[in-house]
Amino acid sequence: MVSVEYFESQEPPSYVGQIVMQPNNSMTWQATQYFLLTLIAISMTMATLFLFKGYWMILPFSVLEMSVLCACFYYIVRRNQTLEVVRFGADEVVIEIGRRAPESRYVWKRFFTKVMVHPPRHPWYPSRIALRYRGEEHEIGKFLTAEDKQRLLSEIRRMIAVADSCQLQR
């Protein structure tokens, strides 16, 4: 998902706007917990029934299976909470990546920052969008769909045009 916010012009303009990208998170953490609890209840009920029939070896493997499933769901939900924020200013580009607070931050001079669009390796893969600054390259929106990446490119072009007009006003 791509959302764009333009800031009102200030004297002197610091940032003209920001683009916020986040993965498609179709299931909230609470919905995931309900789903996991339902699966655990069904699995443990069946394992307990087999335990009463004398097949006690099913219970440890059922617990192990549910533990691995919970760990996988936790990893997926945690990864889907990642946000990427790209701020454009008249003089700089700021990239922030994190979940609740920025875990990594890149501040680059806008004049030396290039937008790179790498073609896909295969026709059914989306293209890659990266920002490059003096040899250092960082891919943005790697979790976006092809349509979202096209929107991201058009919004980056528009944001650069607005930042250029702010640069000319200085």
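The values are calculated or read from the model by the stated rules, or taken from the named source; none is laboratory data. Everything quoted here is computed from the prediction, not taken from an experiment. With ideal geometry, Cβ positions are generated from the backbone for all residues, glycine too; neighbour counts draw on all protein chains shown. These accessible areas exclude ligands, DNA and RNA; they are computed on the full protein's heavy atoms, side chains included. Shrake-Rupley method; radii C 1.70, N 1.55, O 1.52, S 1.80 Å.
Through the Karplus equation 6.51 cos²θ - 1.76 cosθ + 1.60, θ set to phi - 60°, convert the phi angles of the range 20-34 into ³J(HN,Hα) values in whole Hz; use x for Gly and Pro.
10, 10, 8, x, 6, 10, 6, 10, 6, 5, 5, 5, 5, 5, 4
So how far, in whole Å, is the C-alpha centre of the range 87-144 from the one of the range 17-38?
Going from one Cα centre to the other spans 23 Å.
Under a Cβ-only charge scheme (Lys and Arg +1, Asp and Glu -1), can you give me the dipole magnitude of the range 32-170 about the Cα centre, in debye to the nearest 20?
260 debye
At 1.4 Å probe size, with every protein chain present, just tell me what the per residue accessible area of the range 97-170 comes to in Å².
Accessible surface, normalised per residue, equals 70 Å².
Which value, in debye to the nearest 20, describes the size of the charge dipole of the range 62-115 about its Cα centre when Lys and Arg Cβ atoms bear +1, Asp and Glu Cβ atoms bear -1, and nothing else is charged?
Magnitude of the dipole: close to 160 debye.
Averaging sequence separations of C-alpha pairs under 8 Å and six or more residues apart, then dividing by the length of the range 11-122, give the relative contact order as a whole percent. If you can, show how the numbers build up before the last one.
Working: 117 pairs, mean separation 33.0, N = 112.
Relative contact order for the range 11-122 comes out at 29 percent.
For the range 55-121, what ratio Rg/Rh do Cα atoms give with a Kirkwood hydrodynamic radius?
Computed over Cα atoms, the ratio is 1.34.
In debye to the nearest 20, how big a dipole does the range 130-170 give about its Cα centre with +1 on each Lys and Arg Cβ and -1 on each Asp and Glu Cβ? Show your work: numbers first, answer last.
Working: 8 positive and 7 negative charges, 29 e Å.
For the range 130-170, the charge dipole is close to 140 debye.
Testing the spin-label approximation: label points 7 Å from Cα along Cα→Cβ at residue 115 and residue 59. State their distance in nm.
So the label points at residue 115 and residue 59 sit 6.1 nm apart.
Enumerate lysine pairs in the chain that are 8 or more residues apart or on different chains, then count those whose Cα atoms are under 27 Å apart.
Going through the chain pair by pair, I get 4.
In cubic angstrom, how much convex hull volume per residue do the alpha carbon atoms of the chain span?
Convex hull volume per residue, Cα atoms: 152 Å³.
What does the charge add up to near residue 134, with Lys and Arg as +1, Asp and Glu as -1, over the other residues with Cβ less than 15 Å from its Cβ? Intermediate values should be presented prior to the final figure.
Numbers: positive: 109, 110, 114, 132; negative: 92, 136, 137.
It works out to a net charge of +1.
What is the percent carbon and sulfur in the accessible area of the chain, measuring with a 1.4 Å probe over the protein chains and ignoring ligands?
60 percent
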